[in-house]
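Trainee: Let me begin by handing over the structure; questions about it come next.
Bear in mind these aren't lab numbers, they're just calculated from the coordinates by the rules spelled out. All values reported here derive from a predicted model rather than from experimental measurement. Glycine gets a Cβ as well: all are built from the backbone with ideal geometry, and neighbour counts include every protein chain shown.
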Amino acid sequence: MDKEKLRNLAAQIDYELFLGVDLAGSEKRNTGISFVENNSIVTCIIRNEKELLEIMQKFQFIYIDAPLTLPHGRNSLEVWNEHHFRECDLILRKRGIKFFPITLGPMRMLTQRGMRLRERLSKLGKEVYEVFPGAFYDVFGVKRKERNTIQVLYKTLSGFFGLSLKVDYPSQDELDAIACLFTGFFHKLNLAECLTGIDGKIVIPGTYVKGLIGIGF
């Protein structure tokens, strides 16, 4: 597929159906969300879970930065056993993509919250996917905390999708939420990889997307 064909396909997407969520482990910390409104990518910060769920219900395709499943052989995060990694986690590790195991400290709360939200949203007919901004940044060759470079990348991607980026002085949570949103766009265009195992799936941009779009980092 060449760039022009891809651009034509992208123009057919209803972007306002998508939501990117950089989920925090609890209401005490910031959750960043990102969505499209009037052809502009916007973000906001939310803490209250009721408010978060109310917003999530407005979208059909929800891409969350949080583990949404448990490792095979583990029924709970409260009871210790030797199963700390899912098959999709091991695929990330084989590719050299760094991440925190879901059984490590604060990741337990994040996993429990993510699974709870996924269950509630799925019952409402929403499509909920696990994504990972760290992998997104690695695919595009930018450092995970280098905000200026990330914003340059986002302006390029926004332009490609025919959108504007209406975000001033974004926090890292908001930047990560935008990464979740863009991953959703690539997923809908069949330009994402689904790292799939028996106990979960992580969606990341395809490694070829950077060259296809012409990102020069």
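Trainee: If we count other beta carbons within 10 Å of each Cβ, what is the order of THR69, THR196, fewest first?
Mentor: THR196, THR69
Trainee: Could you give the nm distance between label points at GLN12 and LYS123, where each point is 7 Å from its Cα heading toward the beta carbon?
Mentor: For the pair GLN12/LYS123, the computed spacing is 3.6 nm.
Trainee: Continuing with the same structure: Compare the Cα positions of THR69, LEU90, LEU157 along the charge dipole of the stretch 3-213 (+1 at Cβ of Lys, Arg; -1 at Cβ of Asp, Glu; about the Cα centre) and return the one farthest towards the positive end.
Mentor: Checked the options; the winner is LEU90.
Trainee: Among the DSSP beta bridges whose two residues both lie in the stretch 3-213, what percent are antiparallel, rounded to the nearest 5?
Mentor: Restricted to the stretch 3-213, the bridges split so that about 60 percent are antiparallel.
Trainee: At what distance in nm do the modelled label points of SER40 and GLN60 sit from each other, each positioned 7 Å from its Cα along Cα→Cβ?
Mentor: Each label point is offset 7 Å from its Cα along the Cβ direction, giving 2.5 nm.
Trainee: Rounded to the nearest 20 debye, what is the charge dipole size of the stretch 3-213 about its Cα centre when +1 sits on each Lys and Arg Cβ and -1 on each Asp and Glu Cβ?
Mentor: Using only the charged Cβ atoms, the result is roughly 320 debye.
Trainee: Please list the non-local residues whose amide H lies under 5 Å from the amide H of ALA66, H modeled 1.01 Å from N, same-chain partners needing a gap of 5 or more.
Mentor: Sorted by chain and number, the residues that satisfy this are VAL131.
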